[in-house]
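Remarks on the structure that follows.
The values are calculated or read from the model by the stated rules, or taken from the named source; none is laboratory data. What you see is a predicted model; the values in this text were computed from it and never measured. All Cβ positions, glycine included, derive from the backbone under ideal geometry; neighbour counts span all protein chains shown. For accessibility, only protein heavy atoms count, side chains too; no ligands or nucleic acids. Shrake-Rupley method; radii C 1.70, N 1.55, O 1.52, S 1.80 Å.
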Amino acid sequence: MPREVSSTLVDQLIDCAGKAHPREACGLLLGSNDVIGEVRACDNVHPRPETHFEIDPRALIEAHRAARAGGPEVIGYWHSHPAGRPEPSATDRAHATGDGKVWAIVGEGTVRWWRDGPGGFEPLSYRVTGG
Ligand SMILES: [Zn+2]
């Protein structure tokens, strides 16, 4: 199955990033298999949100609990770089766990997709579908 995300969800990520500026926006990517069905904005609880992000742990727990109860899977995470490129920063690489989750990074008005793989971040290609 190809990796897919709708243009509406991509627009939503860019919109959330703009509203959070100059802070980093962050949240969860939900769906099933390789298809993202929902992007959820979460509170950035990091004490220095202009340059870092930490997804509200309560939101993470709730999403995992919902997934176990038959809800959408937690495919990965997204966050924005208010003043940087949509690529993993040194901080992002330091926080990577190699768990295979998808990371969407918003920067410079665009979204790029990565996998937190065992050997580091790898670029992913997502097919953007209409609507
Ligand atoms: Zn980052």
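Some points to look at:
- Per residue, the chain exposes an accessible area of 54 Å² to a 1.4 Å probe, with every protein chain left in place.
- If you plug the beta carbon distance of H46 and T129 into 1/(1 + (r/R0)^6) with R0 = 41 Å, you get a FRET efficiency near 0.80.
- When the solvent-accessible area of the range 28-131 is split by element, carbon and sulfur atoms take up 50 percent of it, the probe being 1.4 Å.
- Here the contact order of the range 1-54, divided by its residue count and restricted to Cα pairs under 8 Å and six or more residues apart, works out to 35 percent.
- When Rg and Dmax are taken over the Cα atoms of the chain, they come to 13.6, 39 Å.
- The chain: most fluctuating residue of E87, E108, E38 per GNM, C-alpha cutoff 10 Å: E108
- Note on the chain: GNM, Cα springs under 10 Å; of D56, D99, D116, the largest mean-square fluctuation is that of D99.
- Local electrostatic count at D92 - Lys and Arg +1, Asp and Glu -1, tallied over other residues with Cβ under 11 Å: -2
- Virtual spin-label span in nm between D15 and L60, 7 Å along Cα→Cβ: 2.7
- GNM top mover of R93, R85, R115 - the chain, alpha-carbon springs below 10 Å: R93
- Whole-number percent relative contact order across the chain, with pairs defined as alpha carbons under 8 Å at least 6 apart: 27
- Projected-area average for the range 45-106 over all orientations - Cα convex hull basis, square nanometres: 4.6
- Of all DSSP-defined beta bridges confined to the chain, some 75% are antiparallel rather than parallel.
- MRE, 222 nm, helices only [DSSP H, n ≥ 4, -39500 (n - 2.57), over the chain, to nearest 500]: -7500 deg cm²/dmol
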